[in-house]
Each structure stands twice: as structure tokens, then as C-alpha cells.
């Protein structure tokens, strides 16, 4: 090999190295740009997901608060009875009647031994075994609910009567004072 050929080969190697370095630099720039774009996209997606979660969380909290308020309003039996004393009293009477029907003494004779024309032939015997235990627990609970409902309705009805009496009392006193003063229109 001659000196010129080596130098020509060296130049080609240097040119190839230079070309390879510039290509490598271009690939590196592309990869860096792609990674930067991916990082930015992930950050944007993360921010979007956080905002969506915050919105959904706020919406759920609002719905839960609203549902809780609506449920507490719907289940505020004292307020319902104050607003509708007649219906409250009728419900308490109905609950008491149902409790009485379930707790009243039964005819110990079997239904077949009772005369056919008697109303007692429609008596239902109390269940026994596990169903009897469930029946007894249900009956006790119903009696408790009936007693509580009757007591609440009685108390609220008493308060309503006292309020009506208190409201009517000043009007009656005013009329009595007016008639005692001699200014009746009948004079």
C-alpha cells in the first residue's frame, strides 16, 4: 500500500466517522425530543386525570350531602307529624291496631274444633319452631314501634293543642276585656 492510499483511507474513515457522529447526534436529538414530548404528554394526562378526579369527587360529595339531607328530611317523622297531625295520629292508631292484632290472645282450640258459623274459625294459629321465634321477635318489635309511635303522636298532639289554646287565649281575653269595658256594639 502506498502512502497516498492510507491517507485516502484515513480520510474516508474520518468522513465516515463524521457522518456517523452527525447521524448519531440527529438520532439523539430525535430520541431526546420524543422523550421530552412523552414526558410532557404524561404530565398533561396526569393533570387532566387529577382534575377529573377532583371534579368527580366534588360531585360525589355534593350528591352524598344532598342525599343525606333529603333522607334526613324524609325520615324526620316528628316534623312530618307536626305538619300533618291527623295523618300522624291515624298512623299511630294503625300501628297500635296492628300491634294489638299480633299480640292479642289466640283461641287455643284448633280451628277445626270451632263451629263453622263462628268467626273464630278464621283464627290463625301462631307458628312454632324457628318461624315462631321470628314471629315473636317481629311481634315484640312491632309492639315497641307501635308504643313509640303512639307516645310520639300523643306528645305532638298535646303540644299542638297547647299551642292552639295559647294562640286562642289572647284572642278570647281581648274579646272579654272589650265586652267588659262597655264598648259592645250591641249597646
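FYI, it's all coordinate maths here, none of it is from the lab. Computed from a prediction, not measured in an experiment: that's the story for all the values here. Glycine also receives a Cβ, built like all others from the backbone with ideal geometry; neighbour counts cover every protein chain displayed.
The length gained on full extension between residue 148 and residue 163, counted as 0.36 nm times the residue separation minus their Cα-Cα distance, comes to 3.2 nm. Once the C-beta distance of residue 45 and residue 14 is scaled by a Förster radius of 30 Å, the resulting FRET efficiency is 0.05 to the nearest 0.05.
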